[in-house]
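Worksheet for the structure shown next.
The values are calculated or read from the model by the stated rules, or taken from the named source; none is laboratory data. Not measured: the values here are computed from a predicted model. Don't worry about glycine lacking a Cβ; one is built from the backbone with ideal geometry, like all the others, and counts go over all protein chains shown. Accessible surface areas use protein heavy atoms only, side chains included; no ligands, DNA or RNA. Shrake-Rupley method; radii C 1.70, N 1.55, O 1.52, S 1.80 Å.
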Amino acid sequence: MARPLELGLDTFGDVTLGPNGEPLSQAQVIRDVVAQAVLADELGLDFFGVGEHHRADFAVSAPEVVLAGIATRTNRIHLGSAVTVLSSDDPVRVFQRFSTLDALAKGRAEVILGRGSFTESFPLFGYELRQYETLFEEKLDLFAALLREEAVTWRGTTRAALQGQRVFPKIETGSLKTWIGVGGSPESVVRAAQYDLPMMLAIIGGDPVRFRPYVELYHRAFGQLERPVQPIGVHSPGYVARTDAAAREEFWPHYKRMRDRIGAERGWPPMSAAEFEREVEQGSLYLGSPETVARKIAATAKALGLSRFDLKYSAGPLPHDKLMRCIELYGREVVPLVRDMLG
């Protein structure tokens, strides 16, 4: 019998607007993220993920520290990154931080490893972008060795070698759930299968069904390896309000502000209202009333054979009170509707 779909939430700790219309301090945003996670736990959601960024418009640069604070105030919800930029970090320290988080959370920690869609961490920590692929490949190889929790002997070109060394603290439950974040590269899909790790698809634009070939590739890779297929998850943006119209009205100006700011850095034109509507109606923006959002999540879960769906509910300066209401509607109404639709 198939396991029920897990439903979670992700945030990047976007710097939000306060009651006076001015941006809140990053410190206050971090405290608000903790409150949002506590509410998600109270509502019985399965997962709460916090992203890593190193720029002014996102408050969280050390997700594990924020998650540790959340762990001490929650009881059930699984906690993880969304994502950890492994390429510009040290695999040993990443493992130690998450094994420590897992101890505080009593076995509820997860980590999603990826290369990230932003590159600020590379110059910040002294890494060359020309080594983008090599950094991730080598560090993932070392992290996979650490997951076995045995003495590690490893050699590469991007960090010091290890010779029969052990890393602590140990995972109390015996394993740390580790996902590979995939943004649309076939090589990343195959790599996840080769390391026998679950795959988290970051689908942030376009029809989610276009990722079906990556799901099929993932299944074929496991078939060739003669191993059972690991879980597949999706991370996509969205927002829940009482009605479709209210969701559009509340979300659009903040989403556009974020999208246009990032787009200007990458040479994209400003987002038009027509493009926004296409993403809502046909793309990967899960926005609307609880029933509308639930129908779209259920359709994506069926089309891609998902084990997890995480809604990235924060969007630019969208205020904390609206985020809390979105979480409430997601937990109380969207989740039960999705479960009913999936039977």
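Assorted remarks:
- Scalar couplings 3J(HN,Hα) for the range 90-98, obtained by applying the Karplus form with A = 6.51, B = -1.76, C = 1.60 to θ = phi - 60°, are 9, x, 5, 5, 4, 4, 5, 5, 6 Hz; x denotes Gly and Pro.
- Solvent exposure, largest accessible area first (probe 1.4 Å, DNA, RNA and ligands not counted), of Arg248, Arg278: Arg278, Arg248
- Stretching the chain fully between Ser185 and Glu277 yields a gain of 30.5 nm (0.36 nm per residue, less the alpha carbon separation).
- 13 Å beta-carbon shell around Pro319, net charge (K/R +1, D/E -1): -2
- Relative contact order for the range 85-142, counting Cα pairs under 8 Å that sit 6 or more residues apart, in percent: 51 percent
- Mean Cβ neighbour count within 10 Å, used as a protection proxy, ranking 203-216, 34-47, 100-113 highest first: 100-113, 34-47, 203-216
- Rounded if a/c under 1.5, otherwise prolate or oblate - the range 191-286, Cα gyration tensor axes: prolate
- For the range 167-190 versus the range 39-86, the gap between their alpha-carbon centres in whole angstrom: 16 Å
- Computed from label points 7 Å out along Cα-Cβ, the spacing between Arg130 and Ala245 is 5.8 nm.
- Of Val335, Pro290, Val167, farthest towards positive along the dipole that unit charges on Lys, Arg, Asp, Glu beta carbons give the chain: Val167
- 26 Å Cα-Cα threshold exceeded, pairs from Lys139/Lys177; Lys170/Lys312; Lys139/Lys296; Lys177/Lys312; Lys302/Lys322; Lys256/Lys322: Lys170/Lys312; Lys139/Lys296; Lys302/Lys322
- Between Arg332 and Arg266, the simple spin-label model (points 7 angstrom out along Cα→Cβ) gives 3.5 nm.
- Cut-off 15 Å (backbone N to label point 7 Å along Cα→Cβ of Glu120), residues of the range 47-69: 51-63
- Each of the peptides 260-268, 307-315 was scored by the mean count of other Cβ atoms within 10 Å over its residues; in descending order, highest first, they stand as 307-315, 260-268.
- Relative to the longest principal axis of the Cα atoms of the chain, helix 26-42 runs at roughly 90 degrees.
- The range 1-124 shape via C-alpha gyration tensor axes, a/c threshold 1.5: oblate
- Near Arg191, once Lys and Arg are set to +1 and Asp and Glu to -1 for all other residues with Cβ below 15 Å from its Cβ, the sum equals -2.
- Eigen-decomposition of the gyration tensor built on the alpha-carbon atoms of the range 118-178 gives equivalent ellipsoid semi-axes of 25, 14, 10 angstrom, largest listed first.
- Pairwise centroid distance, computed over Cα atoms, of the range 296-343 with the range 225-251, Å: 6 Å
- Cα gyration tensor category, rounded, prolate or oblate, for the range 46-111 with a/c compared to 1.5: oblate
- Relative contact order (percent, whole number), the range 242-299, Cα cutoff 8 Å, 6+ residue spacing: 45 percent
- Values of log10 I(q)/I(0), in the order q = 0.07, 0.13, 0.14 Å⁻¹, for the chain under a Debye, Cα-only, solvent-free model: -0.27, -1.02, -1.19
- Calculated [θ] (222 nm, deg cm²/dmol) that DSSP helices of n ≥ 4 give over the chain, each run adding -39,500 (n - 2.57): -13500 deg cm²/dmol
- Applying 1/(1 + (r/R0)^6) with r as the Cβ-Cβ distance of Leu17 and Gln224 and R0 = 45 angstrom yields a FRET efficiency of 0.35.
- Protein accessible area in the range 48-195, 1.4 Å probe - carbon and sulfur %: 49 percent
- Accessible surface, the chain, averaged per residue in Å² (probe 1.4 Å): 43 Å²
- With every protein chain in place, the range 220-269: carbon and sulfur % of accessible area (1.4 Å): 54 percent
- Taking 0.36 nm per residue of separation and subtracting the Cα-Cα distance, full extension of the segment from Ala161 to Leu342 would add 60.4 nm.
- Over the chain, relative contact order from alpha-carbon pairs under 8 Å, at least 6 apart, %: 20 percent
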